[in-house]
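Report on the structure given below.
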Amino acid sequence: MRILLVEDDQVLGDATLRSLQHAGYAVDWARNGKTADMALGDQIYDLALLDLGLPKMDGFEVLRRLRARRSKLPVLIVTARDGLEDRIKGLDLGADDYILKPFDMPELLARIRAHIRRIQQESDSEISYGALSYDTTSRLVRINGLPANFSARELGILETLLMKLGKVVTKELLVEKLTNWDEELGSNAIEVYVHRLRKKLEPHGIIVSTVRGLGYMLEKEDV
Ligand code: CA
């Protein structure tokens, strides 16, 4: 899951970044509206957290441009408690929700989970595949009904594969889903994580198969 954090306040941005990373999200932090607009134009995100008062281009304009490109990306605007007009304007421009400053991190994380779940699956939040089941809300993976342990990156790969069952997932998409701007993750590193994932899944009849030259896909062993 990849989130774009748009915030010019250093302290708030830093605290939010760390909470999101701790929760297992890959996060890019844009400190002004121009950077945010460019990032939203050419990178893939699952959600954006958008401050309104920003240098270079305000949050309203970032949002207006995003929706003009017909993007359905969930956007949560972050606004001051007394900014009722801003909230209304933001929602009119196509924001999905707003959160008031100052906010509690657990509340922010709960809102983010709710929006990601909504966009991914209109109703059902559980994906089952062979011995695997995955709850997109709690991000908990079970194998034969028992909670399974995966590192943040193994989980990132597995959830991407589960979201695209029956389709090939490219290494490039996996790199995009797992990293932020400050990180470099080569396709060799992806291979290492896939290798670890295989070791954990194969005993349960789930195979991460390599589609040569393209990427990976999830398959079930014939029992
Ligand atoms: Ca601001």
Inset, instruction - Being among the aliphatic types (A, V, I, L, M) and surrounded by 19 or more Cβ atoms within 10 Å (Cβ to Cβ) narrows it down to one of I99, I116, I88, so name that one. - result: I116
Legend entry - Residues within segment 124-137 that are under 15 Å from the mean Cα position of the chain (by Cα) and free of Cβ contacts under 8 Å to residues at least 12 places away in the same chain, tallied: 1
Legend entry - Residue identified as open to solvent by 40 Å² or more (accessible area, probe 1.4 Å), free of Cβ contacts under 8 Å to residues at least 24 places away in the same chain, among the polar types (S, T, N, Q) and out of contact with any His (no Cβ under 7 Å at 6 or more places or on another chain) among S187, S209: S187
Inset, instruction - Check whether at least one residue in segment 57-79 is in a helix (DSSP H, G or I), of a type in the set (G, A, S), open to solvent by less than 40 Å² (accessible area, probe 1.4 Å) and away from the ligand (no atom under 15 Å from the Cβ), and report yes or no. - result: no
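Results for (1) aliphatic (A, V, I, L, M); (2) at pLDDT 95 or above; (3) closer than 28 Å to H115 by Cβ, shown as yes or no for each residue.
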site	(1), (2), (3)
D135	no, no, yes
S138	no, no, yes
S151	no, no, yes
K164	no, no, yes
V168	yes, no, yes
A189	yes, no, no
Inset, instruction - Provide a single number: the residues in segment 1-56 that are in contact with a Lys or Arg (Cβ under 6 Å, 6 or more places away or on another chain) and within 16 Å of the ligand (Cβ to nearest atom). - result: 6
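The values are calculated or read from the model by the stated rules, or taken from the named source; none is laboratory data. Because the structure is predicted, anything quoted here is derived from the model rather than measured. Quick reminder, even Gly has a Cβ in these numbers, built from the backbone with ideal geometry, and neighbours come from all protein chains shown. Accessible surface is based on the protein model in full, side chains and every heavy atom, while ligands, DNA and RNA are left aside. Shrake-Rupley method; radii C 1.70, N 1.55, O 1.52, S 1.80 Å.
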